[in-house]
1. Considering every residue within the range B:132-145, establish whether at least one is over 20 Å from residue A:67 (Cβ atoms) and in contact with a Gly (Cβ under 6 Å, 6 or more places away or on another chain).
2. Hey, can you tell me all the residues within the range A:82-102 that are part of a strand (DSSP E or B) and of a type in the set (S, T, N, Q)?
3. Taking only the range B:5-23 into account, find how many residues are exposed (fewer than 12 other Cβ atoms within 10 Å of the Cβ), part of a loop (DSSP other than H, G, I, E, B) and either in contact with a Ser or Thr (Cβ under 7 Å, 6 or more places away or on another chain) or not β-branched (Val, Ile, Thr) (or both).
4. Out of all the residues in the range B:30-85, which are in contact (Cβ under 8 Å) with a residue 40 or more places away in the chain, among the β-branched types (Val, Ile, Thr) and part of a loop (DSSP other than H, G, I, E, B)?
5. Can you tell me how many residues in the range B:46-56 are surrounded by fewer than 20 Cβ atoms within 10 Å (Cβ to Cβ) and either touching a Ser or Thr at 6+ places or on another chain (Cβ under 6 Å) or charged (D, E, K, R) (or both)?
6. Across the range A:138-161, what is the number of residues that are over 12 Å from residue B:122 (Cα atoms), in contact (Cβ under 8 Å) with a residue 60 or more places away in the chain, within 11 Å of chain B (Cβ to nearest Cβ) and outside any loop (DSSP other than H, G, I, E, B)?
7. So which residues in the range B:88-145 are of a type in the set (Ser, Thr, Tyr), facing another protein chain (nearest Cβ under 9 Å) and in a loop (DSSP other than H, G, I, E, B)?
8. Would you confirm whether any residue within the range A:129-137 is modelled with pLDDT of 85 or more, exposed (fewer than 15 other Cβ atoms within 10 Å of the Cβ) and in a loop (DSSP other than H, G, I, E, B)?
Amino acid sequence: MGGIDTGGGGGGSGASAGRHKKKRGKRVGIKMDMTPMVDVAFLLLTFFMLTAVFSQPLAMEINLPPPDSGDIEMAESNVLQIRVDKDSKIYWGFGTDVPTATTMQEVSTVLRQNANRNDKTVTVLKVDRDSKYLTAIDLLDEFEVGGVTRFAISPLTDADKALLQQAQTSTGG
Amino acid sequence: MAKVKRVGIAMDMTPMVDVAFLLLTFFMLTTQFRQPEKVAVTLPSSHAQIRVPMSNVMLLTVDKDGTPWIRADVSDKSLPGANDDVRIPIADLQNVFQQLRANNPSLVTTVKADQQTPFGPIEDAMTALKDAGITRFNLITELEK
């Protein structure tokens with residue numbers, strides 16, 4: 001307690017002594033132009049807001065059947081096969097029918113007419129190993145846009161390749 | 001008509017600026033900058049609208065040549081792909097997927113590939129995913145313009 005009293009007294013006396021001796025500068029209210037700082041703040045704010053929202057990538061979800069689910073027997077006539085050959089050309093057909101060539105633009109029409117023909121129709125996408133990923137994604141996108149939810153992705157077998165060959169010779173000749 | 005005297009409007013901007021700085025601080029602190037990509041790919045575009053989460057992600061990138069790279073958010077830093085994208089041979093993919101999933105079961109699998117990537121390696125990767133028990137995954141695309 002004593003210490004505080006002494007200190008307070010000392011400070012007080014010193015301050016009062018100074019007041020008499022020194023001439024004090026007049027106090028001026030400082031006015032700074034805040035505009036540039038605020039401008040920068042808003043600029044940064046806009047930047048962070050925009051990048052924070054849009055940096056999240058978009059994706060399409062794929063569900064594969066679990067490996068132990070086994071094979072499901074289906075009537076071939078209920079399987080709409082979309083095949084892509086090594087030159088990224090698209091063919092469609094039911095079961096083991098000779099497929100018909102089509103284009104990316106026409107696929108949506110094909111899907112609309114055939115994919116939901118009855119409750120049992122399943123679409124199978126078979127893409128050649130030498131084809132481009134882009135084609136597969138474009139087709140999957142068409143599936144999504146066309147509301148084709150029952151689809152499978154399976155490898156293009158030699159039998160499929162033979163069918164595609166057949167389709168090519170029939171249209172070419 | 002009597003002329004209305006023009007008055008210089010002085011508005012107190014302080015609250016607005018306060019809020020602006022608060023938001024600025026918030027966004028600055030919450031923003032996570034995307035790391036520069038080690039594997040450059042040109043993504044295909046689609047109409048997909050699902051957003052990929054930012055954390056707990058296992059990212060499989062298949063580059064133009066069909067080489068798979070993997071990166072995952074796992075706690076065990078000795079696992080492949082825990083720190084940075086690493087190249088994984090196709091034959092080892094299934095094993096690596098299983099190791100990563102065992103370390104962090106809540107991993108979300110995302111697949112990223114170049115437009116020009118041949119479908120073969122992607123088919124192999126999908127088979128590996130399936131064999132590793134990952135039947136649900138996301139294919140990262142760009143929004144179609």
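1. Keep residues of the range B:132-145 that are over 20 Å from residue A:67 (Cβ atoms), which gives B:140-145.
Still in the list and also in contact with a Gly (Cβ under 6 Å, 6 or more places away or on another chain): none.
Taking every residue of the range B:132-145 in turn, none turns out to be over 20 Å from residue A:67 (Cβ atoms) and in contact with a Gly (Cβ under 6 Å, 6 or more places away or on another chain).
2. Correct list: A:100, A:102.
3. Let us first name the residues in the range B:5-23 that are exposed (fewer than 12 other Cβ atoms within 10 Å of the Cβ), namely B:5-12, B:14-15, B:18-19, B:22.
Filter once more, keeping what is part of a loop (DSSP other than H, G, I, E, B): B:5-12.
Right, trim to either in contact with a Ser or Thr (Cβ under 7 Å, 6 or more places away or on another chain) or not β-branched (Val, Ile, Thr) (or both) and you get B:5-6, B:8, B:10-12.
Of the residues in that region, 6 qualify.
4. Result: B:39, B:41, B:42, B:52, B:67.
5. Looking only at that region, the number is 3.
6. 3
7. B:117, B:135
8. Here is the first cut: in the range A:129-137, the residues modelled with pLDDT of 85 or more are A:129-137.
With exposed (fewer than 15 other Cβ atoms within 10 Å of the Cβ) added as a condition, the list becomes A:130.
Retained after the next criterion (residues that are in a loop (DSSP other than H, G, I, E, B)): A:130.
Within the range A:129-137, one or more residues are modelled with pLDDT of 85 or more, exposed (fewer than 15 other Cβ atoms within 10 Å of the Cβ) and in a loop (DSSP other than H, G, I, E, B).
The values are calculated or read from the model by the stated rules, or taken from the named source; none is laboratory data. Note that this is a predicted model, so its numbers are computed, not measured. Don't worry about glycine lacking a Cβ; one is built from the backbone with ideal geometry, like all the others, and counts go over all protein chains shown. Just so you know, the surface numbers come from the protein's heavy atoms only, side chains and all, with ligands and any DNA or RNA stripped out. Shrake-Rupley method; radii C 1.70, N 1.55, O 1.52, S 1.80 Å.
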